[in-house]
Amino acid sequence: MLALLIPGLLFTPLALAVLCLLVNFRIGRLFSWVGIIVQVLVALGLWATVADQGGLYYDLGGWAAPLGIELRVDGLAVTFVLLTAVVASAAALHAGAYLDPRKGYQSYFWPLLWFLWAGLNGVWLAGDLFNLYVGLELISLAAVGLVALGGEAPALRAALRYLYAALLGSLGYLLAVALVYGSYGTLSLSGIAELAADHPPAPLILVLAALGLALKTALFPLHFWLPAAHGIAKSPVSALLSALVVKASFYIMARLWLEMGEQAGSIWLAQGLGALGAAGVVVGSWQAFRQSRLKMVVAYSSVAQIGYLFLLFPLSWGVATTTAELAQQGITLHLISHALAKAAMFLAAGNLILAVGNPQVSALAGVSRFLPFSLFSFGLAAVSLMGLPPSGGFVAKWLLLQASLAAGQWWWIGVLLLGSLLSALYVFRIFRASFLETGSDDPFYHPPRSLEVIPMALAVMAIGLGFVANLPLTVMALPVGGGVP
Amino acid sequence: MKLLLVLIAAVVLTVVLGQTAWQILAQPTPVDLRELVAEAMPDSGVAHPITAVLLNFRSYDTLLEIGVLVVAGMAGLSMRAVAPLEAPAMRTSDTLLQALLRWFVPFLLVLSAYLLWAGSDRSGGAFQAGAVLGATGVLLRLGGVPLDFLRPGLMLRLGLVLGFAVFLLVAVMGAIRGDMFLAYPQEWAGLLIVVIEAALTLSIAMVLVGLFAVAPAQATERDWPSREGKR
Amino acid sequence: MTPVQLYVLAGVLLCGLGFAGFLLTSHLLRKLMAFNIMGSGTFLLLVGLAQPNNTPDPVPQALVLTGIVVALAATALALVLMRRWYHLSGRTDLQGGPGD
């Protein structure tokens, strides 16, 4: 079964990218619906198989690592593959109704989306450092293309700023890869992890990779490119970028840290990354509170939520194994719940802007009365972002709280609490604007039901994650065994 | 202030990187891929180790890399559909250039074909051949040859993805036969690599010429007042 | 000094030079050139560090070829975006202009 599932997972997005490039928007949408079904089924099948039999290595082209490239199909990777399938399907279905098919350039949305999807799957599964670099670049260029789609001046500026930041970040990572290859003579992550104990890697490797990937993940103060890019892009694109794309570079950083951190890390690097993350939580939330445009609020909220991810480094360095595991679980759950909630939020924000015809927060007055459904999806997603029970965000923060206590690093608890408080601040500002009464007649355009249902489904999943949080946590802890028979 | 900070950062990077690189250079690596490559060469279907690594051992990298190239070409084309920005002024009708083109173009085409063919046993290959072919296209374009297939139609998009599509089909054939994704049947490996490389050459050149044709022409000072008025 | 040491030294210097250039210039084309200089330095390091005893290793050479194509794609895309930005805004940097 696996012998077909893994090629299927790699092949379908790339094949759809080719097909969708050759047709117009409407036919591309039709193809994409088929592709979504295939991709979701394959991701589910892969997840179920790994949950049942444990992880494995897959040798691409039949060449075993270190000569060839191996895929590491473990519980964490397939969980993210499934998450990608859910979020990207939602964004694609939303885009199918949201984007204007009469504009010729919109037909390029589908091939770019499918290349992005393929790149994401590639990064989650990659077991090879250089392959991760190529996957990362595929994601970056597809994302830049999606931001620039249409080629209006503000979008071009955001895309260029994004592209330059992404390029510099990738080079930092590639430099680290060059140093790794010089030290070990191999690029296979599992091979390096085995060798790291006897041949400690140079500390500079992790520092360069951390700087480069932090720039791509938009860690404060390297976040300058994110708000414009995520705020200006079309809503389904913003959802993809905030929910998945920034997570890819963080995932690589985390993988490197877990394989090499013990030897090449230091308390300064770990606490420094944590401190920048904490600063990002505070500054991002505050900036979100001060924005006048709705999507910019959501974009700055991403800067804040990305900050939490970097608590992984201090909470997993120089602490007991159980504490480190707790931190990893908390971060993984935070990543998943933020992906679902933020995608829901961007799509809901897109619907709200479509309805009121104005991107300003102040234009939302009266929305609560006439568009309660759109506002409710937004609010439900916000519950998870704030970390209120019973959402997935709550369970994630709870685990991080426990990890901070167990590690004796109580200062992160303050960050977690302050972050939740500040996120409540910017969310309630939006609610306050939308609960203002305007009069008894309904001035709003009502988006079609299909547009409204999608963010709602995502938000419900973000909340529901709180109830089934054990499921992904047990699957990601499964051991990785041999290859495909 | 910024100048000082950046200079300090750059000097620190250079010094620390140099120091680390020097240390790494002094130590032997625990794994030596040269031996593994040499052992696997007879099964690779080609005689040149770099080509074997690119199109067989690490073919997944190359597949994704062509994806990156197609994405760049696509993103460029998506700009073009909004407003065709081609300036006829870019094309010269210089007689000397025209005369030179008559000599150069056939020569460059032959050179490109040679590079493609040479890739199997010495330096060369799809990328070098594609770059030369792309440069030929740019030269033709500059020389005033219209190259109609560069209009944003189906032909251009087909050319753009042809190499990628061929590569992807070969990749999935491996899985359909019950082998790994990207695995070639051993006796066909050499032929399949040549087919992939030929298609890639064409697509790489297409992406390069396409992007060249898409980039808006130089706007001169004189253009500004009139364009402001139009908006 | 062996040729390999020279590669590594040149690679390190190009990286530092490109890095400083990338951050100091605001003209988009110069920034892009600085990126390419830094990229070349990285590629030199990748090849140089992998062959301490002067016998060439085909794997990093293939990696560099892949890296060059990726850098080329990114550069070409940046050029198209930049030319279009210049066409629409008349600016060679990202400060000011429409929609800031």
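Of note:
- The C-beta contact set for region B:59-74 (first residue without any contact (Cβ under 8 Å) to a residue 40 or more places away in the chain and more than 7 Å from every other protein chain (Cβ to nearest Cβ), second residue in a helix (DSSP H, G or I) and open to solvent by 10 Å² or more (accessible area, probe 1.4 Å), distance under 8 angstrom, 6+ apart or interchain) is empty.
- Residue count for region A:91-137 under the criterion of being more than 11 Å from chain B (Cβ to nearest Cβ), small (G, A, S) and open to solvent by 10 Å² or more (accessible area, probe 1.4 Å): the result is 1.
- Residue count, region A:17-30 (criterion: open to solvent by 70 Å² or more (accessible area, probe 1.4 Å) and more than 10 Å from chain B (Cβ to nearest Cβ)): 4
- Within region A:204-255, the set of residues being farther than 30 Å from A:V361 by Cα, hydrophobic (A, V, I, L, M, F, W, C) and open to solvent by 10 Å² or more (accessible area, probe 1.4 Å) comprises A:L204, A:V207, A:L208, A:L211, A:A254.
- In a residue-by-residue description of region B:115-122, the property of being modelled with pLDDT of 90 or more and assigned to a helix (DSSP H, G or I) applies to at least one position.
- When A:A355, A:A327, A:A382 are checked against the criterion of being out of contact with any His (no Cβ under 6 Å at 6 or more places or on another chain), under 23 Å from A:S450 (Cβ atoms) and crowded, with 24+ Cβ neighbours inside 10 Å, a single residue qualifies: A:A382.
- For region A:348-397, filtering for residues that are without any contact (Cβ under 8 Å) to a residue 40 or more places away in the chain and under 25 Å from A:V87 (Cα atoms) leaves 3.
- Pairs linking a residue in region B:155-177 that is more than 7 Å from chain A (Cβ to nearest Cβ) and without any contact (Cβ under 8 Å) to a residue 60 or more places away in the chain to a residue that is of a type in the set (G, A, S) and open to solvent by less than 20 Å² (accessible area, probe 1.4 Å), with Cβ atoms under 6 Å and 6 or more positions apart or on different chains, are B:L162/B:A199; B:L162/B:S203; B:V166/B:A199; B:G174/B:A183.
- Conditions (1) within 14 Å of chain A (Cβ to nearest Cβ); (2) more than 19 Å from the chain's Cα centre (by Cα); (3) of a type in the set (F, W, Y): number failed by B:F107: (1)
- Some residue of region A:226-233 being away from every other protein chain (no Cβ under 14 Å), outside any loop (DSSP other than H, G, I, E, B) and in contact (Cβ under 8 Å) with a residue 24 or more places away in the chain: yes
- Unique match (being within 12 Å of chain C (Cβ to nearest Cβ), surrounded by fewer than 24 Cβ atoms within 10 Å (Cβ to Cβ) and in contact with a helix residue (DSSP H, G or I) (Cβ under 8 Å, 6 or more places away or on another chain)) among A:L163, A:L168: A:L168
- Subset of region C:52-65 [within 14 Å of the chain's Cα centre (by Cα) and within 9 Å of chain B (Cβ to nearest Cβ)]: C:L65
- Residue check for A:F435: in contact (Cβ under 8 Å) with a residue 12 or more places away in the chain and open to solvent by 20 Å² or more (accessible area, probe 1.4 Å): yes
- From A:Q305, A:Q271, residue being part of a helix (DSSP H, G or I), surrounded by fewer than 23 Cβ atoms within 10 Å (Cβ to Cβ) and not charged (D, E, K, R): A:Q271
- Selection of region A:50-64 for residues being open to solvent by less than 30 Å² (accessible area, probe 1.4 Å), small (G, A, S) and facing chain B (nearest Cβ under 10 Å) yields only A:G61.
- A:I336 being crowded, with 23+ Cβ neighbours inside 10 Å, modelled with pLDDT of 90 or more, touching a Pro at 6+ places or on another chain (Cβ under 7 Å) and not charged (D, E, K, R): yes
- One residue from A:L46, A:L83, A:L76 being surrounded by 22 or more Cβ atoms within 10 Å (Cβ to Cβ), in contact (Cβ under 8 Å) with a residue 24 or more places away in the chain and within 14 Å of another protein chain (Cβ to nearest Cβ): A:L46
A quick yes/no check of all residues on (1) open to solvent by 10 Å² or more (accessible area, probe 1.4 Å); (2) more than 19 Å from A:Q328 (Cβ to Cβ):
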{"residue": "A:I267", "(1), (2)": "yes, no"}
{"residue": "A:L294", "(1), (2)": "no, yes"}
{"residue": "A:L309", "(1), (2)": "no, no"}
{"residue": "A:F313", "(1), (2)": "no, no"}
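- For region A:106-129, residues that are among the polar types (S, T, N, Q), closer than 16 Å to B:L77 by Cα and modelled with pLDDT of 95 or more total 0.
- Evaluated against (1) assigned to a helix (DSSP H, G or I); (2) facing another protein chain (nearest Cβ under 7 Å), C:S40 falls short on exactly one condition, (2).
- Verdict on A:G150 being at pLDDT below 95, at the interface with another protein chain (Cβ under 10 Å from one of its Cβ atoms) and either in a loop (DSSP other than H, G, I, E, B) or crowded, with 24+ Cβ neighbours inside 10 Å (or both): yes
- Put simply, of C:V47, C:V69, C:V8 the only residue that is at the interface with chain A (Cβ under 10 Å from one of its Cβ atoms), open to solvent by less than 50 Å² (accessible area, probe 1.4 Å), within 30 Å of B:R58 (Cα to Cα) and within 15 Å of the chain's Cα centre (by Cα) is C:V69.
- Only one of the numbered conditions (1) more than 9 Å from chain A (Cβ to nearest Cβ); (2) touching a residue at least 24 places away in the same chain (Cβ under 8 Å); (3) in a helix (DSSP H, G or I) is violated by B:A10, and that is (2).
- Residues being within 12 Å of chain B (Cβ to nearest Cβ), open to solvent by less than 50 Å² (accessible area, probe 1.4 Å) and farther than 12 Å from B:A10 by Cβ - total across region C:16-37: 1
- Lone qualifier among A:L30, A:L46, A:L9, A:L76 - being of a type in the set (A, V, I, L, M, F, W, C), within 23 Å of A:K234 (Cα to Cα) and either in contact with a helix residue (DSSP H, G or I) (Cβ under 6 Å, 6 or more places away or on another chain) or assigned to a helix (DSSP H, G or I) (or both): A:L30
The values are calculated or read from the model by the stated rules, or taken from the named source; none is laboratory data. Model, not experiment: these values are computed from the prediction. With ideal geometry, Cβ positions are generated from the backbone for all residues, glycine too; neighbour counts draw on all protein chains shown. Just so you know, the surface numbers come from the protein's heavy atoms only, side chains and all, with ligands and any DNA or RNA stripped out. Shrake-Rupley method; radii C 1.70, N 1.55, O 1.52, S 1.80 Å.
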